[in-house]
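Just so it is clear, none of the values below were taken in a lab; they were calculated from the coordinates. In this text the structure is predicted, and so the values were computed from the model without any measurement. With ideal geometry, Cβ positions are generated from the backbone for all residues, glycine too; neighbour counts draw on all protein chains shown.
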Amino acid sequence: MDKTAANQMWGGRFSAGPDAIMEAINASISFDKRLAPQDIAGSRAHAAMLAATGIITPGDAAEIDRGLSQVLAEIEAGEFTFSTALEDIHMNVEARLREIIGAPAGRLHTARSRNDQVALDFRLWVREQCDAAIGGLEALMRAFLAQAEAGAEWVMPGFTHLQTAQPVTWGHHMLAYVEMFARDRSRFIDARARMNECPLGAAALAGTSFPIDRHMTAAALGFDRPTANSLDTTADRDFALEFLGAASICAMHLSRFAEELVIWSSAQFRFIRMSDRFSTGSSIMPQKRNPDAAELLRAKLGRILGATVALFTVMKGLPLTYSKDMQEDKEQVFDAADNLLLGLAAMEGMVSDLTANRAALEAAASSGFSTATDLADWLVRELNLPFRDAHHVTGSLVKLAEDKGCDLPDLSLDEMQKIHGEITQAVYSVLGVQNSVASRTSYGGTAPDNVRAQIARWKEVLG
Ligand code: ARG
């Protein structure tokens with residue numbers, strides 16, 4: 001097409017083409033070409049509906065459908081020339097359709113606008129990303145479950161403030177992430193269900209006078225129903241914000257485990273060994289095995305949350321309905337989705353591959369007076385001390401052990417009785433870390449039996 005001429009799609013009342021800078025700021029084709037499959041699927045459903053309702057002839061609809069499938073084939077084969085002058089994916093596809101089938105192409109845009117078209121395309125795309133995220137999360141949950149099953153009763157330190165707090169089981173720690181990622185999964189499922197209404201037919205903003213069948217297009221495109229308000233439909237992007245919100249929370253969870261991987265794989269902790277597949281070496285320090293993938297995952301939340309803030313800021317204060325500001329929605333969501341899915345896959349790989357160092361976990365669990373709470377609980381249970389007094393007695397015992405440079409089970413009964421005369425030999429049974437975790441049988445507690453029961457529950461959920 002002649003670039004200096006008025007735009008062929010909306011040029012009726014324009015006598016000159018746009019300035020080059022105007023064209024550059026206005027065009028979205030460089031990124032919205034990603035929506036080509038959704039755009040074409042929407043157009044095919046629309047054309048079929050226009051024919052079924054008698055708005056266009058079956059012959060024209062068949063031509064349109066044939067032409068659109070050729071356009072899609074050209075795009076998939078990388079043979080399509082995208083034009084900035086044609087602004088966006090919608091006009092690029094329609095212009096090529098006209099080249100292929102001629103006049104009937106002009107009938108496709110009956111009872112439709114780019115405003116409902118872009119709302120449809122983007123919703124279809126985000127819906128697919130929800131499905132991909134749900135699948136990625138399920139795979140990741142399975143990887144955590146496998147780790148939990150392997151080490152259901154392995155003992156490790158549980159931390160608060162990154163200080164040794166109480167012994168917990170490796171399986172319990174892995175299952176903590178299963179819970180988080182299960183909530184992330186349900187957020188994507190919820191968001192998907194809410195966004196699953198078809199925008200097509202809202203037209204520019206007010207609906208249309210043509211006798212369209214919105215239920216037909218909604219069903220053809222896998223939606224539960226058409227949207228109920230044309231103004232809301234062309235103005236709404238909260239489906240994308242909800243996706244980004246769920247993605248941000250999920251990325252935050254990924255980032256937290258990534259941080260644990262970085263700490264745990266350090267020479268100071270040695271809790272785990274990352275596989276070669278997910279480690280990198282240093283070009284100067286031969287001993288290094290760097291957890292680069294975990295570090296990058298820790299950082300991904302930065303850009304995903306950044307995309308969320310960016311889209312909120314774009315949408316904030318926009319009067320109804322469509323404004324061109326909303327064209328700025330796509331790149332952020334594309335980037336966030338790409339990075340979330342990559343992050344989920346990378347984390348699944350790291351979790352599946354990592355080897356826990358059971359001996360190091362248990363040694364760390366046994367140090368740092370991790371069973372001090374068990375000791376205090378024993379004083380309450382067996383000697384009927386008020387908890388506050390038991391806490392004080394235990395504190396004195398910890399101080400004694402600390403001064404001697406030993407752990408609680410290394411104190412002799414004599415030494416203990418000097419601090420509280422009624423302590424008996426039986427106390428030693430609660431000072432071992434295995435006994436400690438085995439005793440935490442309250443619902444949701446770390447006892448290995450609880451862990452096994454939760455693993456069974458999750459296996460059933462994931463099928
Ligand atoms: N490229 C546009 C976007 O991404 C499509 C909608 C254009 N609509 C309009 N009224 N100019 O938002």
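Odds and ends about this structure:
- The stretch 126-222: GluC sites (Glu not before Pro) in DSSP coil with no more than 14 other Cβ atoms inside 10 Å: none
- For the chain, the number of Lys pairs separated by eight or more positions or lying on different chains, with C-alpha atoms closer than 19 Å, is 7.
- Dipole-positive endmost among Ala193, Gly59, Ser275 within the chain (Cβ charges, Cα centre): Gly59
- Free of any trypsin sites (Lys or Arg not before Pro) that DSSP assigns to a loop and that have at most 15 other C-beta atoms within 10 Å, the longest stretch within the chain is 4-269.
- Cβ-derived FRET efficiency at R0 25 Å, Arg194 paired with Thr110, nearest 0.05: 0.25
- Test item: Cα-centred dipole of the chain, Lys/Arg +1 and Asp/Glu -1 on Cβ, debye: 180 debye
- The alpha carbon centroids of the stretch 152-215 and the stretch 42-76 are separated by 36 Å.
- A Cβ-based charge dipole, computed about the Cα centre of the stretch 308-451 with Lys and Arg at +1 and Asp and Glu at -1, lands at about 300 debye.
- Global form of the stretch 254-303, assessed from the alpha-carbon gyration tensor, a/c cut-off 1.5: oblate
- Note on Ser366, Ser439, Ser412: ascending count of other Cβ atoms within 10 Å places them as Ser412, Ser439, Ser366, the fewest first.
- Paramagnetic reach from Arg256 (point 7 Å along Cα→Cβ, amide N under 14 Å) across the stretch 414-455: none
- Length-normalised contact order of the chain in % [C-alpha pairs under 8 Å, at least 6 apart]: 16 percent
- Rounded to 10°, Cα long-axis angle of helix 387-404 versus longest principal axis of the chain: 80 degrees
- Centre separation in Å (Cα based) which lies between the stretch 220-259 and the stretch 306-354: 9 Å
- By the beta-carbon count within 10 Å of each Cβ, the least crowded to most crowded order of Cys406, Cys198, fewest first, is Cys406, Cys198.
- Spatial separation of Cα centroids for the stretch 429-458 and the stretch 357-421, in angstrom: 20 Å
- Dipole magnitude of the stretch 1-157, debye to nearest 20 (Cβ charges: Lys/Arg +1, Asp/Glu -1, about Cα centre): 440 debye
- Among Leu383, Leu340, the ranking by other beta carbons within 10 Å of each residue's beta carbon, starting with the fewest, stands as Leu383, Leu340.
- In this simple spin-label model, placing a label point 7 Å from the Cα along the Cα-to-Cβ direction at both Asp131 and Ser30 gives a separation of 3.1 nm.
- Subtracting the Cα-Cα distance of Arg225 and Thr355 from their residue separation scaled by 0.36 nm leaves 42.0 nm.
- Residue among Leu462, Val393, Ala363 farthest towards the positive dipole end of the stretch 358-463, charges placed on Cβ: Leu462
- Length gained when the stretch Asp232-Cys406 is fully extended (0.36 nm per residue, less Cα-Cα span): 55.8 nm
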